[in-house]
Amino acid sequence: MSFPVHRKRRLRVSESMRRLVREHHLEPSQFILPLFVVPGEGVRKPISSMPGNFQLSIDELVKECEKAHALGIGGIILFGIPDSKDESASGAYADDGIVQQALRAIRRAVPKLLLITDVCNCEYTSHGHCGKIVGGDVDNDATLEWLAASAVSHARAGADIVAPSDMMDGRVAAIRAALDKNGFQKIAILAYAAKFASAFYGPFREAAESAPQFGDRRSYQMDPANAREAMHEMDLDFEEGADMLMVKPAMPYLDLIRQAYDRFPVPIAAYQVSGEFSMLMAAVERGWLEYERAMFETLISIHRAGASIILTYFACDAARLLA
Ligand code: PBG
């Protein structure tokens, strides 16, 4: 039986009706806000390619965290920009590194805010690559030690969740073992499991001052053409003990978010990355897109695809508008 018995428009007649039959909903608790921390005091330096986002010194960062917490968002993910960089990314795993100091300060001021850290080396190496360079390439196994040490130092400083974003093989197992050995059995791992070598990280590299000084990241991040390989990456991270799995970027990879949701019995996260944010903002600034509607449409699409957790630069604004 079809038309005229079936009329799909009956359930769209009014906002009350549309609200009743709505299949998916967004809540502030699903959003994770990325924040960038720099040394100094009173620093609030705008990131030109990401309107409304700043490099923040710890005092300013704490204020931002208080605001974010009051809005009820799920948590924050921290990225650090150290004073100085070196060949061995020592700032990444130093106990008094910028992220470690920031974690302690936030923990004191906003004890209940969920704190996630990005575990990677690219912001800390002088060459901007995500690991140790041996013979012109990132050496996988040597890099695992840095990652494990970073994760432990973040846990020690108060992180609730560590999120490795480097795409080395075996990092989840290495991090799990190091956390457990140091008594951090309760610290969860959110693996950037399927992370692609994407053009959409452009604005982030300005924000985090982490662009590679030579070559690119294609020998460790994934080829955007590969979907089955993405599932294999996720299988491996899941087997190694990841508590949650992430797909990154989000909107160009909605198919993979859906596949991951169908395949793994753990929460699926998606990172709506800097380029996804900036292109929307640029169109809004030109009057080509309506800000609120376009923002919520991207967020609901990512959620509908299967992500229960969304890392997004819209986190606070979306939470405010949902309240
Ligand atoms: C670190 C890292 C990157 C992003 C998150 N963690 C950059 C990269 O891999 O080059 C990108 C986030 C964004 O674009 O918003 N490896």
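The values are calculated or read from the model by the stated rules, or taken from the named source; none is laboratory data. No experiment lies behind these values; they were computed from the predicted model shown. A quick note on method: Cβ atoms are made from the backbone with ideal geometry, for glycine too, and the neighbour counts reach across all protein chains shown. Just the protein is used for accessible areas: all its heavy atoms, side chains included, with ligands, DNA and RNA removed. Shrake-Rupley method; radii C 1.70, N 1.55, O 1.52, S 1.80 Å.
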Practice problem: Give me D for region 164-282 in µm² s⁻¹, whole number, from Stokes-Einstein with Rh from the Kirkwood sum over alpha-carbon pairs, 37 °C and 0.692 mPa s. | Solution: 218
Quiz item: With every protein chain in place, what's the accessible area of S126 (1.4 Å probe, Å², nearest 10)?
Solution: 50
Exercise. Using Cα positions and a limit of under 15 Å, work out the aspartates and glutamates in reach of K132, with same-chain residues fewer than 8 apart set aside.
Key: D86, E87, E123, D141, E145, D166, D169, D216
Quiz item: Out of residues 5 or more away from V37 or on other chains, whose amide H comes under 5 Å of its own, with H placed 1.01 Å from N in the peptide plane?
Solution: L56, F79, G80, I81
Self-check item: Cα→Cβ-extended label distance, 7 Å offset, between A70 and R263, nm
Solution: 4.3
Quiz item: For the charge dipole of the chain, defined by +1 on Lys and Arg C-beta atoms and -1 on Asp and Glu C-beta atoms about the Cα centroid, which residue among I187, H303, V247 has the Cα displaced farthest towards the positive pole?
Solution: H303
Quiz item: Which whole-number percentage describes the relative contact order of region 25-322, with Cα contacts under 8 Å and a sequence gap of 6 or more?
Solution: 19
Practice problem: Give the carbon-plus-sulfur fraction of the accessible surface of the chain in %, rounded to a whole number; probe 1.4 Å, heavy atoms of protein chains only. | Solution: 52
Quiz item: What's the FRET efficiency of A177 with A323 using the Cβ-Cβ distance as r and R₀ = 45 Å, to the nearest 0.05?
Solution: 0.60
Quiz item: Where the centroid of each part is defined by its Cα atoms, how far is region 71-115 from region 183-232 in Å?
Solution: 19
Quiz item: For Q185 and S29, FRET efficiency with R0 = 30 Å and r from the beta-carbon atoms, rounded to 0.05?
Solution: 0.75
Quiz item: Under the Karplus relation 6.51 cos²θ - 1.76 cosθ + 1.60, θ = phi - 60°, what is the ordered set of whole-Hz ³J(HN,Hα) values for region 265-276, x standing for Gly and Pro?
Solution: x, 10, x, 9, 10, 9, 9, 7, 7, 3, x, 5
Practice problem: With r as the distance between the Cβ atoms of R10 and K112 and R0 = 56 Å, compute the FRET efficiency 1/(1 + (r/R0)^6) and round to 0.05. | Solution: 0.80
Quiz item: Using a 1.4 Å probe, what is the accessible area per residue for region 44-195, in Å²?
Solution: 36
Exercise. Sort all Cα-Cα distances of region 25-322 into consecutive 5 angstrom bins from zero, then give the percent of pairs in each bin up to the one containing the longest distance.
Key: 1, 6, 13, 17, 20, 19, 14, 7, 2, 0, 0
Quiz item: K63 versus V134, label points 7 Å from Cα toward the beta carbon: distance in nm?
Solution: 4.6
Quiz prompt | Whether region 212-323 is rounded, prolate or oblate, judged on the alpha carbon gyration tensor where a/c under 1.5 counts as rounded | solution = oblate
Quiz item: Ordering R304, R205 by how much accessible area each has at a 1.4 Å probe, largest first, what is the list?
Solution: R304, R205
Self-check item: Assigned charges on the beta-carbon of Lys, Arg, Asp, Glu; region 29-185 dipole about Cα centre (debye)
Solution: 640
Exercise. Scan around L289 for amide H atoms under 5 Å from its own, H built in the peptide plane at 1.01 Å from N, and keep only partners 5 or more places away or cross-chain.
Key: V284
Quiz item: Based on the alpha-carbon gyration tensor of region 257-313 and its eigenvalue square roots a ≥ b ≥ c, which shape applies: rounded if a/c is under 1.5, prolate if not and a/b is larger than b/c, or oblate?
Solution: prolate
Exercise. Assign one of three labels to region 104-169, namely rounded, prolate or oblate, based on the Cα gyration tensor with a ≥ b ≥ c the square roots of its eigenvalues; rounded applies when a/c is under 1.5, prolate when it is not and a/b is larger than b/c, and oblate otherwise.
Key: prolate
Quiz item: Which ³J(HN,Hα) values, rounded to whole Hz and listed in residue order, are derived for region 118-135 from phi using the Karplus coefficients 6.51, -1.76 and 1.60 in 6.51 cos²θ - 1.76 cosθ + 1.60 with θ = phi - 60°, glycine and proline given as x?
Solution: 7, 9, 7, 10, 5, 6, 10, 8, 5, 8, x, 8, 7, x, 6, 8, 10, x
Self-check item: Dipole moment magnitude, nearest 20 debye, the chain about Cα centre, only Lys, Arg, Asp, Glu C-beta charged
Solution: 1720
Exercise. Could you check the simple spin-label distance between R218 and E145, using points 7 Å along Cα→Cβ, in nm with one decimal?
Key: 3.1
Exercise. Lys and Arg at +1, Asp and Glu at -1: add these up for the other residues within a Cβ distance under 13 Å of A157 and post the number.
Key: +1
Quiz item: Can you list the aspartates and glutamates whose alpha carbon is less than 15 Å from that of K63, not counting same-chain residues fewer than 8 positions off?
Solution: E41
Exercise. Holding the Cα-Cα limit at 31 Å, pick out from K45/K181; K85/K181; K8/K248 the pairs that are longer than that.
Key: K45/K181; K8/K248
Self-check item: Share of Cα-Cα pairs in region 127-209 lying beyond 20 Å, as whole percent
Solution: 39
Exercise. For region 201-207, just list the computed ³J(HN,Hα) in residue order, Karplus coefficients 6.51, -1.76 and 1.60, θ = phi - 60°, integers in Hz, with x standing in for Gly and Pro.
Key: 8, x, x, 4, 5, 6, 5
Self-check item: Other-chain or far-sequence residues with amide H under 5 Å of K132's (modelled H)
Solution: D139, T143
